[in-house]
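The structure appears right after this line, and notes come after that.
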Amino acid sequence: MAPNYLFRQSRNEIAVAPCLAGVHHLKLPVSDLPTGIAWFETALGARRVESFDHRHPDGTLFGVIMLLPGVAIPVELRLNPVAATAIAGFDPVTLGVDGIEDLRAWVAHLDAVGIEHSPILTGFIGHLIEFRTPDGLCVRIYTNPSNGFAEARMRSPQELG
């Protein structure tokens with residue numbers, strides 16, 4: 001059984017919250033499922049798991065599960081044009097790679113498949129590239145800190161220029 005953790009509920013009370021076991025899946029809104037599926041397959045090498053398709057009682061498809069190579073958490077693409085439009089430009093998830101050579105490989109891949117992207121940028125912790133889904137959602141791939149986040153040093157805005 002997972003341990004419980006304390007957190008302050010109010011000034012005078014402390015509550016015990018049960019421990020979570022991780023993230024089950026991510027859900028991203030798209031305005032068009034076939035376009036979203038094709039983009040995730042091309043840009044990120046994702047694979048659709050059709051046995052997990054989400055359908056309305058009338059059989060209409062409204063969501064799919066995609067598996068991204070190297071990412072243990074499934075990604076659900078959920079048909080929701082209003083939400084997709086509302087978060088255009090936002091970056092709800094940042095993917096990680098081990099180092100700058102991996103970013104260079106992603107730049108080469110995105111170039112090869114015709115996906116526009118930023119150059120390799122210096123971020124607060126490490127380096128990154130960013131690019132956009134067909135709905136304008138910002139996808140970032142960031143280098144993971146070599147010694148983990150506990151020992152990472154965050155750059156100041158002045159250091160970033």
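Annotations
- Between the C-alpha center of the stretch 27-64 and that of the stretch 130-161 there is a gap of 27 Å.
- Net charge over other residues, Cβ less than 10 angstrom from the Cβ of Arg132 (K, R count +1; D, E count -1): -4
- Accessible surface calculations at 1.4 Å, restricted to protein heavy atoms, place the chain at 64 Å² per residue.
The values are calculated or read from the model by the stated rules, or taken from the named source; none is laboratory data. Because the structure is a prediction, the values reported are computed rather than measured. No Cβ is skipped: glycine too gets one built from the backbone with ideal geometry, and neighbour counts run over all protein chains shown. Accessible surface areas use protein heavy atoms only, side chains included; no ligands, DNA or RNA. Shrake-Rupley method; radii C 1.70, N 1.55, O 1.52, S 1.80 Å.
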